[in-house]
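Chemist: Dropping a structure here in structure tokens format, bear with me for questions.
What follows is calculated from the coordinates using simple rules that are stated; it is not laboratory data. Computed from a prediction, not measured in an experiment: that's the story for all the values here. All Cβ positions, glycine included, derive from the backbone under ideal geometry; neighbour counts span all protein chains shown.
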Amino acid sequence: MAVLSWKHHTLIQSLLERGPLTEKEFHFIFTGITGQNPGTHQGKFNDYLLKINRELSYVQLDLRACRDPYDGRVYFGVVNNVSDDQSKLGTKYSVPQIAFFKAIVEAIAQDVTAEGTICNLDALNIKLENQVLNSSGLQSQDVPAAFKNFTMSHKEKTLDQLVKDKWLCYTEDDNIGLGIRSILDLRSWFHNAGVPSCQVCNEAGFKAKLCPNDGCAVRIHHYCLKKRFYQKGMLVCPSCDTQWQYQPPKAEPIEVEDEETEPVQSQPSSNPGPSQPSLRSKRKRQRLDNVETAGCSSQASGANRKRVTRSSAHPR
Amino acid sequence: MSNLGDDFSQFDISKEEKDKLVAEVVRYILFKTHQNSGCPIKREELSQLVTKNYRHRSLPAYIINEAKAKLSTIFGYELRELQRSRPSSTSHSRLSQQSGVDAKSYVIISQLPAEVYKKYVEDVNTSHLTGFTFVAISIVQLAGDNLWHHLKRMGLHETDENHPVLGNVKQILETLVQQRYLQKDKVSGPEGTTLFYELAERALDGTVSERIKQYISQIVKKDDATVDIL
């Protein structure tokens with residue numbers, strides 16, 4: 001007896017073939033095949049996802065949604081739940097490339113300022129030998145040759161590939177942030193690694209705003225903050241009672257859609273950006289309201305070099 | 001279906017163990033397909049997943065069948081079996097094959113209707129590759145020993161590493177060989193060794209080969225029979 005129909009299969013296959021999709025794209029597919037909009041037929045949409053996940057659990061996979069902290073949009077993806085021998089095959093990256101990626105993720109996640117980025121230069125200067133030492137306490141002479149031979153140009157190429165595959169992303173200020181695949185995939189890793197969660201939504205807060213009170217550990221995602229601010233007019237830290245400042249976005253129109261998102265968070269998504277432009281220009285347009293500046297002073301020459309080679313035409 | 005499903009008792013394993021094995025095989029197929037971009041997976045690799053822990057002789061076949069069913073019901077993928085029925089006309093030295101054994105291999109194919117696949121599932125970022133695959137197979141079907149000659153006429157050169165859409169053309173052709181759409185053969189001729197291409201099992205597979213003939217005849221505007229003769 002078939003539990004899943006071709007409609008469920010379409011949803012699953014679209015995510016497997018095309019990778020993580022934005023909520024808009026995913027809803028578009030759902031509307032196209034069922035004739036019903038998930039916005040107005042929330043129950044039916046949830047039902048579909050529930051059924052899909054029940055079947056996917058047989059193979060330890062999960063269809064889930066999460067919010068990208070860099071652009072505030074919700075994405076759907078099929079994620080692997082168990083790290084076993086089979087899943088270790090599922091990568092085209094080599095061992096040093098994976099170590100490099102891991103080092104970047106750790107650096108971003110453990111940043112105490114919660115910028116959620118690592119500057120390009122720092123990424124390129126990561127020493128893979130340190131990765132080996134950290135994980136198994138080996139002597140430096142036991143570092144595999146591949147790690148030692150992982151040159152700067154290898155790192156650059158790897159970075160590009162990781163961004164293309166959406167494990168990392170280029171942020172507006174030419175830094176490197178976590179890509180949507182990492183955010184979907186590494187949820188449990190963040191919790192295990194002790195990355196503090198957002199006070200409002202309880203998801204990993206590696207890119208969030210910190211409480212202005214230095215002694216307070218509370219952090220809140222920018223979009224969670226925005227929502228609270230609009231709801232209550234002001235925000236007082238739940239833990240230390242300090243008042244939080246909130247600067248409304250300067251350039252983007254304030255459109256707060258009331259679309260409920262399934263299944264994890266129920267926050268409005270405001271996404272004025274278009275759907276398919278190149279990664280970097282997309283992030284730029286979304287982040288006109290960005291209050292932060294990643295502080296990498298020697299960045300300039302490196303950044304310029306990069307901007308020349310990538311021909312995304314942003315007006316800088 | 002339910003009867004077959006309960007038959008695992010003959011293998012002396014519990015339902016949980018059976019489910020675990022099936023899940024492993026399904027996961028292996030999915031991850032491996034992603035890793036090698038759709039190159040066929042050898043049946044031997046799947047059997048090994050079972051036999052490394054369980055000795056029963058016909059268990060691998062049973063598990064693979066169950067995995068095939070699960071791929072279909074959960075994902076809507078068909079586990080298509082390819083037969084390496086046509087060994088290369090020259091010696092086997094270039095390709096690593098099992099001597100004499102009909103090596104079965106598998107690919108997964110979406111079972112969705114074509115319009116649905118095209119509209120919602122297809123990754124538009126790779127359609128140029130699919131297009132090229134079709135062109136290459138068609139040419140080989142019609143004139144196998146002259147593939148590069150014909151590609152040159154379309155502006156694709158062997159030494160071209162920076163084609164605006166395809167990048168390194170030679171590499172893409174290599175990928176087609178790995179994906180078993182084509183196979184390469186060396187022939188020692190009067191001018192030295194020349195390389196020529198033949199269709200391999202993936203292109204010879206029933207439905208694929210039928211469709212290709214249909215498309216070719218549409219383009220050439222002759223009927224199927226004439227295409228065969230060429």
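Chemist: Considering only DSSP states other than H, G, I, E and B, which chymotrypsin sites (Phe, Trp or Tyr not before Pro) in the stretch A:175-233 qualify as loop sites with at most 13 other Cβ atoms within 10 Å?
Modeler: Numbers: sites: A:W189, A:F190, A:F206, A:Y223, A:F229, A:Y230; in loops: A:F206.
Passing both the DSSP loop test and the Cβ count: no residue.
Chemist: Would you mind putting A:106-114, B:64-72 in packing order, based on average other-beta-carbon counts within 10 Å, highest first? Walk me through the numbers before you get to the answer.
Modeler: Values: A:106-114: 15.8, B:64-72: 19.8.
Final packing ranking: B:64-72, A:106-114.
Chemist: Apply the Debye scattering formula to the stretch A:88-130, with a single equal point scatterer on each alpha-carbon and no solvent, then give log10 I(q)/I(0) at q = 0.14, 0.30 Å⁻¹.
Modeler: Values returned for q = 0.14, 0.30 Å⁻¹ are -0.36, -1.07.
Chemist: Is the C-alpha gyration tensor of the stretch A:86-207 telling us rounded, prolate or oblate? Criteria: a/c under 1.5 is rounded; beyond that, a/b larger than b/c is prolate, otherwise oblate.
Modeler: On the way: a/c = 1.61, a/b = 1.43, b/c = 1.13.
Judged from the Cα gyration tensor, the stretch A:86-207 comes out prolate (a/c at least 1.5, a/b above b/c).
Chemist: Which of B:T207, B:T126, A:T31 comes first, and how do the rest follow, when ranked by fewest Cβ neighbours within 10 Å? Each step should come with its number before you reach the end.
Modeler: On the way: B:T207 9, B:T126 13, A:T31 16.
Least crowded to most crowded, the residues run B:T207, B:T126, A:T31.
Chemist: Next question. Compute the Rg to Rh ratio over the stretch B:125-219 from the alpha carbon atoms, using the Kirkwood formula for Rh, and round to two decimal places. Don't skip to the answer; put the middle values down first.
Modeler: Working: Rg = 13.4 Å, Rh = 13.9 Å.
We get a ratio of 0.96 for the stretch B:125-219.
Chemist: Still on this structure, please answer the following. From other protein chains only, count the Cβ atoms within 10 Å of every residue's Cβ in B:65-76, then give the mean. List each step's numbers first, then the result.
Modeler: Details: counts 0, 0, 1, 0, 0, 3, 1, 3, 8, 13, 11, 10.
What the average comes to for B:65-76 is 4.
Chemist: Expressed as a fraction of 2.2 N^0.38 Å, the rule-of-thumb size for a compact globular protein of N residues, what is the C-alpha radius of gyration of the stretch A:6-81?
Modeler: Details: Rg = 11.9 Å, N = 76, 2.2 N^0.38 = 11.4 Å.
Normalised Cα radius of gyration, the stretch A:6-81: 1.04.
Chemist: List, in order, the whole-Hz ³J(HN,Hα) value for each residue of the stretch A:159-176 obtained from phi through the Karplus relation with A = 6.51, B = -1.76, C = 1.60 and θ = phi - 60°; use x for Gly and Pro.
Modeler: 4, 4, 5, 5, 5, 4, 7, 6, 7, 10, 9, 8, 8, 4, 8, 6, 9, 10
Chemist: Can you sort A:C211, A:C119, A:C240 so the residue with the fewest Cβ neighbours within 10 Å comes first?
Modeler: Working: A:C211 19, A:C119 23, A:C240 13.
By the 10 Å Cβ count, ascending, the order reads A:C240, A:C211, A:C119.
Chemist: Then there's this: Which whole number in µm²/s is D for the stretch A:4-49 by Stokes-Einstein, with the Kirkwood Rh taken over Cα pairs at 25 °C and 0.890 mPa s? Provide the component values of the computation, followed by the final result.
Modeler: Numbers: Rh = 10.6 Å.
The Stokes-Einstein estimate is 232 µm²/s.
Chemist: May I pose another question? Enumerate the lysines that B:K119 could reach by cross-link, defined here as Cα to Cα under 18 Å, with residues fewer than 8 away along the same chain left out.
Modeler: Within the straight-line limit of under 18 Å, B:K119 reaches these lysines: A:K7, A:K24.
Chemist: Also, I was wondering about something else. Semi-axes of the stretch A:12-136's equivalent ellipsoid from the Cα gyration tensor, sqrt of 5 times each eigenvalue, largest first, rounded to whole Å? If you can, show how the numbers build up before the last one.
Modeler: Numbers: eigenvalues 238, 73, 28 Å².
One finds semi-axes of 35, 19, 12 Å for the stretch A:12-136.
Chemist: Can you give the local net charge around A:I52? Use residues other than it whose beta-carbon is closer than 11 angstrom to its beta-carbon, Lys and Arg +1, Asp and Glu -1.
Modeler: Working: positive: A:K7, A:K51, A:R54, A:R64; negative: A:D47, A:E55, A:D62.
Net of charged neighbours comes to +1.
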